Amino acid sequence: MPSPNPALRRQVVSIYKELLNLGKDYPLGFDYFRTRLHGAFMANAGLRDEEEIRKGIARAEFVRKEVEALYYLKRYRTLRKRYDVT
C-alpha cells in the first residue's frame, strides 16, 4: 500500500483538532462529542486513495461549519430571549 500524502495527513490532523476544540461546548457534552468524532475518524482510518481522503476532509469541514452554526444559533436564541422586549 502506498503511504498517504503528508500534506493530507496534516490536514486531517488539523481538522480533527479543530473539531475536538469545538466539541468542548457541545450541548450533549465533550465526552459524547469526542467518542463520536473519534469513531468517525477511525472508520475512515484505512483510506489510502487521495481522492477519498479529500472527500473525507470536505465532509469534516462541513461538519465543522454545522457545529459552528449550531453554536451561533444557540447564542442568538439566548441573547434574543434575554433582551427581547416584545
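So, in segment 1-32, how many residues would count as being in contact (Cβ under 8 Å) with a residue 12 or more places away in the chain and surrounded by 12 or more Cβ atoms within 10 Å (Cβ to Cβ)?
Of the residues in segment 1-32, 14 are in contact (Cβ under 8 Å) with a residue 12 or more places away in the chain and surrounded by 12 or more Cβ atoms within 10 Å (Cβ to Cβ).
On the given criteria, is ALA43 closer than 14 Å to LEU19 by Cβ and surrounded by 10 or more Cβ atoms within 10 Å (Cβ to Cβ)?
Spelling it out, it is not the case that ALA43 is closer than 14 Å to LEU19 by Cβ and surrounded by 10 or more Cβ atoms within 10 Å (Cβ to Cβ).
Only the coordinates and a few stated rules stand behind these numbers; no lab work does. In this text the structure is predicted, and so the values were computed from the model without any measurement. Backbone-built Cβ (ideal geometry, glycine too); neighbour counts: all protein chains shown.
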